[in-house]
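Participant: Got a structure for you, written out below as structure tokens; questions coming shortly.
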Amino acid sequence: MSETRGETGSGTEAGARFFCTAGRGLEPFLMREVQARLAATEVEYISGKVFFTTCSDLNMLKKLKSAERLFLLIKKQFPLISSVSKGKLFNEMQRLINEDPGSWLNAISIWKNLLELDAKKEKLSQRDDNQLKRKVGENEIIIAKKLKIEQMQKIEENRDCQLEKQIEEETLEQRGVTTKSKNFQEEFQNDIEKAIDTHNQKDLTFRVSCRCSGTIRRAFTAQEVGKVIGIAIMKHFGWKADLRNPKLEIFIHLNDVYSVVGIPVFRVPLASRAYIKTAGLRSTIAWAMASLADIKAGAFVLDPMCGLGTILLEAAKEWPDVYYVGADVSNSQLLGTWDNLKAAGLEDKIELLKVSVIELPLPSESVDIIISDIPFGKKFKLGKDIKSILQEMERVLHVGGTIVLLLSEDHHRRLTDCKESSIPFNSKDSHTDEPEIKKCLNPEEKTGASKTVSTSFEARNHEFLDRMSPFGSLLPVECYKVSLGKTDAFMCKYKKSHSSGL
């Protein structure tokens with residue numbers, strides 16, 4: 001094992017160290033997002049993960065859109081040596097805990113402080129809401145009293161006592177409701193504080209989630225690694241294992257390139273959007289496509305093959321002051337989109353049309369931005385129709401407008417007239433990124449790491465664009481190869497350079 005201790009998630013005045021998992025190909029989007037949204041520093045990447053330092057609280061961290069999951073970093077270092085015997089490798093795994101326990105305790109402290117700060121803000125917000133409700137209730141009582149006093153002056157004196165008694169009863173009832181609400185809020189807050197109380201480390205419960213790949217995976221199962229790590233944690237810190245409902249979860253990823261240990265900040269993945277009822281395209285991909293389009297306030301944005309509307313939902317949530325239109329030929333898809341719009345509260349933000357993508361009922365050069373996931377797979381055999389689809393999009397797009405498309409490798413090849421061998425992106429098993437990965441892992445070479453990564457992405461992008469041939473008036477601007485899980489796709493951005501004359 002390398003003598004390099006690796007990077008830890010030590011808390012400083014400059015902020016805490018985090019990392020996010022991301023779909024392959026989305027790393028540059030996530031890097032830009034954490035810098036823009038969180039004012040993050042020391043932004044670095046390895047395949048599928050982006051590391052950064054920020055002072056942001058949990059409320060801001062929840063807003064990340066291109067990340068799958070968020071973790072507080074405990075340790076990041078070079079990989080374990082898988083060529084040694086099982087016994088030695090087990091010892092190496094245990095050293096992840098025993099060699100630097102301070103990084104673990106420090107990360108636990110930061111994690112606890114984040115939760116406590118979030119709970120305090122939630123308590124203040126609830127208190128403000130309760131004060132507002134109480135003030136409104138008191139004002140209503142005062143108004144009711146005034147009205148009844150006026151009525152009392154107009155009626156006989158023998159009804160005065162009855163009315164005063166009625167007012168008193170209503171006031172007491174209102175106070176009773178307020179007291180019950182206050183008691184409920186106090187009990188709820190006590191439960192939160194009890195759940196995050198980790199001052200007594202001996203009472204801390206945990207479980208280990210492990211992911212192994214490469215040669216490590218061939219030598220051990222994730223369950224075996226998790227068991228070794230769990231036993232080491234119990235022996236070293238005295239924490240108790242709880243597989244069902246632990247206070248703390250430990251995430252470990254071991255492969256041939258790095259070893260990473262972290263704490264999941266949220267139990268629900270960031271990519272699981274609460275406002276999407278029925279999922280279609282992966283939300284992180286949809287958001288990345290919308291961000292690539294550079295949407296501005298007042299723009300007319302069209303998705304002519306909207307499906308369940310995921311792209312439009314992600315765009316409207318992030319850039320609300322825009323006119324959005326979604327079109328599709330399928331009734332079932334449009335019904336699903338409408339359900340999603342209602343669940344997200346965006347019915348009045350997005351207009352839906354049942355039309356064909358090759359017969360859009362829109363004037364020529366009337367749309368500012370088009371964003372669309374072009375269907376592909378066994379169910380969709382577009383073939384040469386991809387060019388007629390793009391021609392219709394080109395017709396309705398105004399000069400200077402932007403198109404962002406998600407294309408299959410076959411569609412992409414048809415549009416660019418490029419052979420597969422000319423695509424300058426790495427395949428799923430390629431390790432040509434290893435120099436940048438090592439720079440990211442080396443704690444003595446942090447300076448300039450983010451710049452190196454950005455330069456790497458830009459160089460690949462320019463190399464690719466130089467080989468692309470323009471299609472009509474649409475000129476290629478950017479292209480990214482992204483993972484959709486079992487398959488890959490190309491996220492391509494085009495600009496309309498001149499009138500198409502169609």
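The values are calculated or read from the model by the stated rules, or taken from the named source; none is laboratory data. Keep in mind that this is a model prediction, so the values were computed, not measured. Here the Cβ positions follow ideal geometry from the backbone for every residue, glycine too, while neighbour counts run over all protein chains shown. Quick note on the areas: whole protein, heavy atoms, side chains included, nothing else; ligands and nucleic acids left out. Shrake-Rupley method; radii C 1.70, N 1.55, O 1.52, S 1.80 Å.
Participant: Take I370 and tell me if it is closer than 20 Å to W287 by Cβ and open to solvent by less than 10 Å² (accessible area, probe 1.4 Å).
Facilitator: Here the answer is yes, as I370 does meet what is asked.
Participant: Another question, if that's okay. Can you pull out every residue in the range 81-93 that is open to solvent by less than 10 Å² (accessible area, probe 1.4 Å) and either in a loop (DSSP other than H, G, I, E, B) or in contact with a helix residue (DSSP H, G or I) (Cβ under 6 Å, 6 or more places away or on another chain) (or both)?
Facilitator: Answer for the range 81-93, where residues must be open to solvent by less than 10 Å² (accessible area, probe 1.4 Å) and either in a loop (DSSP other than H, G, I, E, B) or in contact with a helix residue (DSSP H, G or I) (Cβ under 6 Å, 6 or more places away or on another chain) (or both): just M93.
Participant: For K75, are the conditions met, namely being touching a Leu at 6+ places or on another chain (Cβ under 9 Å) and either open to solvent by 10 Å² or more (accessible area, probe 1.4 Å) or modelled with pLDDT under 95 (or both)?
Facilitator: yes
Participant: Of everything in the range 236-286 that's small (G, A, S) and buried (at least 19 other Cβ atoms within 10 Å of the Cβ), which residue is modelled with the lowest pLDDT?
Facilitator: So the residue we want is G280.
Participant: Looking at the structure I just gave you, is I389 surrounded by 17 or more Cβ atoms within 10 Å (Cβ to Cβ) and either polar (S, T, N, Q) or at pLDDT below 95 (or both)?
Facilitator: For I389, the condition - surrounded by 17 or more Cβ atoms within 10 Å (Cβ to Cβ) and either polar (S, T, N, Q) or at pLDDT below 95 (or both) - is met.
Here is a yes/no grid of residues against (1) modelled with pLDDT of 55 or more; (2) under 23 Å from A271 (Cβ atoms); (3) not in a helix (DSSP H, G or I):
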position	(1), (2), (3)
K451	no, no, no
S456	yes, no, no
N461	yes, no, no
S469	no, no, yes
L475	yes, no, yes
F490	yes, yes, yes
K493	yes, yes, yes
S500	yes, no, yes
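Participant: Continuing with this model, one more query. Give K349, K317, K354 a once-over and let me know the one that is within 16 Å of M289 (Cα to Cα), in contact with a helix residue (DSSP H, G or I) (Cβ under 9 Å, 6 or more places away or on another chain) and touching a residue at least 12 places away in the same chain (Cβ under 8 Å).
Facilitator: Only one candidate passes the filter, namely K317.
Participant: Restricting the search to the range 33-47, which residues are crowded, with 18+ Cβ neighbours inside 10 Å and farther than 20 Å from R273 by Cβ?
Facilitator: Matches in the range 33-47: A40, V43, E44, Y45, I46, S47.
Participant: What pairs come up if the first residue lies in the range 203-223 and is farther than 27 Å from I108 by Cβ, the second is small (G, A, S) and in a loop (DSSP other than H, G, I, E, B), and their beta carbons are under 6 Å apart, counting only those six or more places apart or on different chains?
Facilitator: From the range 203-223, the pairs are T215/S82; A219/S82.
Participant: Then there is this: For the range 50-69, which residues satisfy the criterion of being among the hydrophobic types (A, V, I, L, M, F, W, C), surrounded by 21 or more Cβ atoms within 10 Å (Cβ to Cβ), in contact (Cβ under 8 Å) with a residue 60 or more places away in the chain and in contact with a Phe, Trp or Tyr (Cβ under 9 Å, 6 or more places away or on another chain)?
Facilitator: If the condition is that a residue be among the hydrophobic types (A, V, I, L, M, F, W, C), surrounded by 21 or more Cβ atoms within 10 Å (Cβ to Cβ), in contact (Cβ under 8 Å) with a residue 60 or more places away in the chain and in contact with a Phe, Trp or Tyr (Cβ under 9 Å, 6 or more places away or on another chain), then F51, L61 are the ones that fit.
Participant: Please state which one of V50, V43 is part of a strand (DSSP E or B) and within 13 Å of the chain's Cα centre (by Cα).
Facilitator: Only one candidate passes the filter, namely V50.
Participant: Could you list, in sequence order, the residues of the range 287-298 that are among the small types (G, A, S), out of contact with any Ser or Thr (no Cβ under 8 Å at 6 or more places or on another chain) and open to solvent by less than 10 Å² (accessible area, probe 1.4 Å)?
Facilitator: A290
Participant: Report, by residue number, each residue of the range 312-335 that is open to solvent by less than 10 Å² (accessible area, probe 1.4 Å), aliphatic (A, V, I, L, M) and either over 22 Å from the mean Cα position of the chain (by Cα) or closer than 20 Å to Y480 by Cβ (or both).
Facilitator: A315, V325, A327
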